[in-house]
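The structure appears right after this line, and notes come after that.
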Amino acid sequence: MKRSLSFITFLILTAVVAAFAATPFCHIRHYDEYDGLSQRQVKQIAKDSDGVLWFATWNGLNRFDGYKFEHIRPQIDDEARSYSERFRDIKPASTGGLWCRIDDKILYFNLSTHRFTDIHSQLEKKLATAFDVSQIQTATDGRTVLKCADGRYILLSDSNPVESAAFTDERPKLKYHSPGTRKLGNVGGYRNEDLLYSRADSTGTAWLITRDGTVLSAPSAAGPYSTIARIDAPDGSLTCCTIDLRGNIWLRSNDGAFCLTLGQLPYTYLAHPEPSIVRGCVRDPKGRIWISYSDSKAVAVYSDLSAAPRYLGSDGHLHDSFVSFGSPIYSMSADPQGNMWFGSKPDGLFRLTPQSADAYSVTNFRHDPAKPGLTPAANDIYDIIFDRQGRMWLATMRKGIDCVLNPTSVAPEFIHLGQFADYPQNAVRVRRLAIIGDSLITAATTGGFLTVGLPAEKRFDRTSFRLHVSRPGDDSSLGNIAVMNILPDAKGRLFIATESDGVNMLPPEISADSDSARFVHFDTRTGMPVDVALSLAPTGSADDILVVSNKMIYTLDPLSGRTVTYPASFWHRHMHFSEAAPLRLGDNRWLLGLEDGAISVNLDRADTALRPVPPVIFTSVALQNRPDSLISARTDSIILSPDERNITINFAALDYGSTEDLQYQFSMDDSDWNNLGTNRSVTFLDMDPGEYRLHVRSSDSSGNWLDNTRTLTLIVTPTFWETPAAYVLYILAILLIIVSVTWTIVYIRRMKRKQKELLAAYLRLVDSHTESAELSTPPDSAPQQQQQPSTATLSPADEAFMGRVMDFINQNLGNPDAGIDDMAAATATSRSSLNRKMKSLLGVTPADFLKESRISRAATLLSETDRPIKEIALDCGFSDLNYFGKCFKAARKTSPTAYRREHRTE
């Protein structure tokens, strides 16, 4: 973490006068090895054409983007490896690189490739002589002059340094680049040569930095000058090097580098004799501003904030010098009659009745147990408000809420609401009160958000109470029970400041005293800068409210959720705000309470808003989880090889002043913006081949998004299997598979159809053979030749085989003992060969074919004859009538009897 020294000098005319003139400031940041520099001996700082800063040290070259120093080391094959890393000077070249003097040698550093070129050796070869370089000077016409140790000069062109190089005995008369840090000449009693920096800013304020590190400022160059800060650096080692894009001044020394931010503070402290917490700020009917300081027990009264305050004494008189009121005042309010009311801790309630323009009579009301109803319930009073009926309401830190019926009477009547049985005992510690209309009081308590129904006059027995708390698992409940402040606005919305859940809001359509109240949360989960909200105030615009946190303030637009923050970089110091409600002074000017005083601030006067917009650059990338590789600030595209699909891209906005408050967003192609917070990198995993455009932008320190979008093109190279040619192959392969499957299915279906047809033909042949055998034939007649089915698709061998099968079937159809082994023997094949052959030709096994032949023959006999079923079964090879019935029904889906009845032919 960088060491940061803040020096702020306040120009106070007297010890008690608040100076409203612009207050100059100087913020100094120091960088050395502990901040990432490779060596604290910084010999030069240069700004390249993209605004990136480069540091020449005695341990190499460093690049700085405002966040991180990157040490540039020569690669193993770099020409600079033959030299030391003692960089003594660097100068930007017109070609976009850097001229580097390492010891007494000159090298060129390419900002795109991050590689060095040994120009010195090439020049010695070209000029045919050795030389040592003692100084580098760059000219505005793109040429560079090298001063040699022997007094001679070498003039060369940046675009072609070796070929254009030539010796000259005198320094060439060119227009040389200058840091432009001394513009005022002899000024402020200093000679120009005694100054490192002398310039006037856009407001006319003059700034000087002397060689001994003194920083001075004056309203104009004419003076008078005041010391603003001192740079802690070794004597005589400071040199002013450059001014970055945001106007910060960079100096080098033997003890590191220094960055100076100069400007005008947007706020002014209101002078007070000692640091003290501000508890309240209020404006009285006369327009005067009252400020209470609890630690010093003082009340300051300002007729004009540019004038000295007067202090209220315990005697009720306003004094021109500091006096203590005698009690720490925590709240102040003015009633319609012009009386001022103070709430104290631990001295109760004070009423200040005007006696004259500068004097009040002071009446103190302290808790007295002996006088119930005539004194407040407690002596620690944190808030005082009045309703439209003229009643006064008190918030106490130990006893809840009091109502004062007749506050201006000699003996006001106090009603203690905490005495009623319905009053929530978790809500007795009350910080703030707010009235909504004529019917409801709301209270900020340490135990939740309390609503109190306003009773009719003296009808407090009908007062209703409702305490809203945070309920686990219910996102619509109050975010945190520690409520700090309440703000009703003109649109009927109710804003609630909590100690650790930011701002909660009740929309106007939801009643605060309803059990079904649903709160809208504005916290860090919804984009708010912090979760601590101490107090609230309307800004005067249509929707925005001002939120005071412990370390910053911000404005919130509840409709869009948009915020404008004012962090430490706006104040140029670490602020610690108090719980005091901010007081609007007009326009965007505010009076704010701190833990060490009060300030008047103009929120429209952001010093950094006048500075140029910082550009966003891409700084490095990491591929496939490998270490980061630096890339040029001008890189606009990255090509990923086929085996690279994961990438992390780092970037930065070149602000150099308030980088800790910058926010970032990214989008890919035309998608919506994605918030990254303060994270400066984005990672993409398993990227598909193609071309992508990554857009990155940053905010300013207040959270406003800037017009500084930078685009990086990512080209993911596909593997061969992801190319169009591969996809064509995929399509062809799919088509081939489809064709093959289709052909196979058609072929199988065709084969099965042929098998069925052949099976049916042979079964018919069995039937026809049986029928002819039953006809009466003469004994001496010759046997008829068996007619074969159409077997044009069968080979002669298959036809002969089927002939032997059919001979066996015909001969053994009625033989119940005929088996597959017998069939195999009859066909002269093995059992397994018979099975394969039958399956191939007919699609059935030999056993199935034999059974189907017998069933087919039985069906024919059933339908064409009157023979008994038992006889038919025996003739068809079935010795068991029941078994025959089962087989027949399985094959024909009906019993033999039913089949005969359905198919009997006359």
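Odds and ends about this structure:
- Taking the criterion of being within 18 Å of residue 471 (Cα to Cα) and not aromatic (Phe, Trp, Tyr), the residues of the range 511-524 that qualify are 512, 513, 514, 515, 516, 517, 518, 520, 521, 523.
- On the stretch given as the range 546-589, residues that are on the phi > 0 side of the Ramachandran plot and either of a type in the set (A, V, I, L, M) or without any contact (Cβ under 8 Å) to a residue 60 or more places away in the chain (or both) total 3.
- Number of positions in the range 557-590 that are surrounded by 16 or more Cβ atoms within 10 Å (Cβ to Cβ), touching a helix residue (DSSP H, G or I) at 6+ places or on another chain (Cβ under 9 Å) and within 14 Å of residue 267 (Cα to Cα): 6
- A residue that is surrounded by 12 or more Cβ atoms within 10 Å (Cβ to Cβ), assigned to a helix (DSSP H, G or I) and modelled with pLDDT under 90 occurs nowhere in the range 728-737.
- Residues that are under 19 Å from residue 153 (Cβ atoms) and buried (at least 19 other Cβ atoms within 10 Å of the Cβ), drawn from the range 92-128: 93, 99, 100, 101, 105, 106, 107, 108, 119, 120, 123
- Wholly enclosed strands (runs of 3 or more DSSP E) of the range 442-526 bearing at least 1 residues more than 18 Å from residue 558 (Cα to Cα) and not basic (Lys, Arg): 448-453, 465-468, 483-488
- Residues that are modelled with pLDDT of 95 or more and under 13 Å from the mean Cα position of the chain (by Cα) were ranked within the range 652-671; the one that is nearest to residue 27 (Cα to Cα) is 664.
- Within the range 215-308, strands (runs of 3 or more DSSP E) holding 3 or more residues that are within 30 Å of residue 612 (Cα to Cα): 226-230, 239-243, 249-253, 256-265, 267-270
- Near pairs, Cβ below 7 angstrom, 6+ apart or cross-chain, from the range 464-487 (among the small types (Gly, Ala, Ser)) to any residue that is part of a strand (DSSP E or B): 464/453; 479/498; 479/504; 479/521; 482/498
- Take the conditions (1) modelled with pLDDT under 95; (2) within 32 Å of the chain's Cα centre (by Cα); residue 268 misses just one of them, which is (2).
- Among the residues of the range 420-435, the ones that are outside any loop (DSSP other than H, G, I, E, B) and at pLDDT below 90 come to 0 in all.
- Tally of residues being farther than 19 Å from residue 414 by Cβ and touching a Ser or Thr at 6+ places or on another chain (Cβ under 9 Å) across the range 341-374: 4
- Qualifying residue in the range 398-413 (condition: in a strand (DSSP E or B), touching a residue at least 12 places away in the same chain (Cβ under 8 Å) and among the acidic types (Asp, Glu)): yes
- Here the range 352-367 is the region considered, the condition is being surrounded by 12 or more Cβ atoms within 10 Å (Cβ to Cβ) and in a loop (DSSP other than H, G, I, E, B), and the residue that is modelled with the lowest pLDDT is 358.
- Filter pass, residue 431 being buried (at least 19 other Cβ atoms within 10 Å of the Cβ), under 21 Å from residue 286 (Cα atoms), under 54 Å from the mean Cα position of the chain (by Cα) and touching a residue at least 12 places away in the same chain (Cβ under 8 Å): no
- Odd one out for residue 745, checked against (1) of a type in the set (A, V, I, L, M, F, W, C); (2) in a helix (DSSP H, G or I); (3) touching a strand residue (DSSP E or B) at 6+ places or on another chain (Cβ under 9 Å): (3)
- Of the strands (runs of 3 or more DSSP E) lying entirely inside the range 531-598, the ones with 1 or more residues being touching a strand residue (DSSP E or B) at 6+ places or on another chain (Cβ under 9 Å) and more than 17 Å from residue 704 (Cα to Cα) are found at 535-538, 545-548, 583-586, 589-594.
- Residues in the range 649-702 that are in a strand (DSSP E or B), charged (D, E, K, R) and without any contact (Cβ under 8 Å) to a residue 60 or more places away in the chain: 691, 693.
Yes/no matrix, rows are residues, columns are (1) of a type in the set (D, E, K, R); (2) buried (at least 21 other Cβ atoms within 10 Å of the Cβ); (3) in contact (Cβ under 8 Å) with a residue 24 or more places away in the chain:
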{"site": "25", "(1), (2), (3)": "no, yes, yes"}
{"site": "52", "(1), (2), (3)": "no, yes, yes"}
{"site": "57", "(1), (2), (3)": "no, yes, yes"}
{"site": "62", "(1), (2), (3)": "no, yes, yes"}
{"site": "73", "(1), (2), (3)": "yes, no, no"}
{"site": "77", "(1), (2), (3)": "yes, no, no"}
{"site": "80", "(1), (2), (3)": "no, yes, yes"}
{"site": "83", "(1), (2), (3)": "no, no, yes"}
{"site": "88", "(1), (2), (3)": "yes, no, yes"}
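- Checklist (1) within 37 Å of the chain's Cα centre (by Cα); (2) touching a residue at least 40 places away in the same chain (Cβ under 8 Å) applied to residue 447, failing item: (2)
- Looking only at the range 313-342, and only at residues there that are aliphatic (A, V, I, L, M) and farther than 27 Å from residue 484 by Cβ, the one that is surrounded by the most Cβ atoms within 10 Å (Cβ to Cβ): 318
- Of all residues in the range 624-648, those that are buried (at least 18 other Cβ atoms within 10 Å of the Cβ) and assigned to a strand (DSSP E or B) total 3.
- Of the residues screened, residue 177 is not one that is in contact (Cβ under 8 Å) with a residue 12 or more places away in the chain and either surrounded by 15 or more Cβ atoms within 10 Å (Cβ to Cβ) or hydroxyl-bearing (Ser, Thr, Tyr) (or both).
- First in the range 804-823 and within 19 Å of residue 858 (Cβ to Cβ), second anywhere and part of a loop (DSSP other than H, G, I, E, B) and among the aliphatic types (A, V, I, L, M), Cβ under 7 Å, 6 or more apart: 812/818
The values are calculated or read from the model by the stated rules, or taken from the named source; none is laboratory data. Since the structure is predicted, the reported quantities are computational estimates derived from the model, not experimental observations. With ideal geometry, Cβ positions are generated from the backbone for all residues, glycine too; neighbour counts draw on all protein chains shown.
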